[in-house]
1. Over 28 Å from E261 (Cβ atoms) and either over 12 Å from the mean Cα position of the chain (by Cα) or at pLDDT below 90 (or both): which single residue out of V129, V165 fits that description?
2. Does T160 count as modelled with pLDDT under 90 and either touching a strand residue (DSSP E or B) at 6+ places or on another chain (Cβ under 8 Å) or part of a helix (DSSP H, G or I) (or both)?
3. Of these, E206, E220, E225, E198, which one is open to solvent by 30 Å² or more (accessible area, probe 1.4 Å) and in a strand (DSSP E or B)?
4. Scan region 230-287 residue by residue and report those that are surrounded by 15 or more Cβ atoms within 10 Å (Cβ to Cβ), farther than 19 Å from I216 by Cβ and among the hydrophobic types (A, V, I, L, M, F, W, C).
5. Could you identify the single residue in K183, K224, K251, K265 that is without any contact (Cβ under 8 Å) to a residue 24 or more places away in the chain and among the basic types (K, R)?
6. Checking the conditions here, which among S81, S73, S101 is hydroxyl-bearing (S, T, Y) and at pLDDT 75 or above?
7. Can S159 be described as hydroxyl-bearing (S, T, Y), farther than 30 Å from V80 by Cβ and surrounded by 12 or more Cβ atoms within 10 Å (Cβ to Cβ)?
8. Consider S273 carefully, then state whether it is within 30 Å of G140 (Cβ to Cβ), modelled with pLDDT under 95 and among the small types (G, A, S).
Amino acid sequence: MDQTIDPTKVASEMSSFDWSKFDLSLLFDYIITFGKNLIAAIIVYIIGRFIIKYLKKAVHAITVKRHLEASLSTFTNSLVSISLNILLGIIVIGVLGIDTSSFIAVFASAGIAVGMALSGTLQNFAGGVLILVLRPYKVGDYIEAQGFAGTVKEIQIFSTILGTVDNQIIIIPNGPLATGCLKNSTAAPRRRIDIDVEVAYGTEPEKVRAVLNDIINADERIIKEAPYAPAIPMTTMSTSSIIFQMRMWAKSEDYWNVRFETTEKVYKLLTASGIEIPFPQMDVHIKQ
């Protein structure tokens, strides 16, 4: 079908239109009314943004004053910010003269469809709430989950942000974190440090324990009181060595420093004491 517009026909129709019946006052009234509403909406938006900014600071100040955990504080601030911005948008639409009741009804019905489409996002939101209620971890904890490991930097509405030891940022959705397996290495105030010490066959166990006890007693970070007193059992007789295990307790924040420094001290003092640290070897007997 030919959709070409005939300029001659259009000009003829416009010339035949009775412009006397066209009420320009209604158009002017509409423009003036809309202009007033638009200006009012802009003013409301500016004032609303200022109020939201003030309320966000007030909420943050309250969370700091009441010494809330950083995880709960960031989640609350994020939730308040989103809720207030949605409320401001509805108010601005109402000031523009749009019927908010019908808009809210449309928004609610559309929300059902959007909710079904964003079921994963809603699951992450529910996961964030569960994390704050059940508190399997908090900001500052070192966790391993979903194949990643790092220190918790923020717990947001939909996700948790981790920082790795090499300063990378990892963002994990809250849904899998709330329902999946998770390892929290810093939740407990104390952790046990196990260090295997291999010495050659023929070494006196008392001599080995004496050296290892000297290392333990010299480190104030290692807990000496029961029930966390250190122990040095002989655990294994392997193919080329006998293995002792240093079992020590320390504060969670001292775990890695104690482990690394103690391992280095064990090597130095055993060597200085003349105790042989063997390496894997095999004896071959040749029959003539």
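The values are calculated or read from the model by the stated rules, or taken from the named source; none is laboratory data. Every value quoted in this text rests on a predicted model; they were computed, and no experiment measured them. All Cβ positions, glycine included, derive from the backbone under ideal geometry; neighbour counts span all protein chains shown. For the accessible areas, the whole protein counts, side chains as well, though only heavy atoms, and no ligand, DNA or RNA atoms are used. Shrake-Rupley method; radii C 1.70, N 1.55, O 1.52, S 1.80 Å.
1. The unique qualifying residue is V129.
2. Judged against the criteria, T160 is not a match.
3. E198
4. The one that is surrounded by 15 or more Cβ atoms within 10 Å (Cβ to Cβ), farther than 19 Å from I216 by Cβ and among the hydrophobic types (A, V, I, L, M, F, W, C): I242.
5. Exactly one of K183, K224, K251, K265 is without any contact (Cβ under 8 Å) to a residue 24 or more places away in the chain and among the basic types (K, R), namely K224.
6. S81
7. For S159, the condition - hydroxyl-bearing (S, T, Y), farther than 30 Å from V80 by Cβ and surrounded by 12 or more Cβ atoms within 10 Å (Cβ to Cβ) - is not met.
8. Here the answer is no, as S273 does not meet what is asked.
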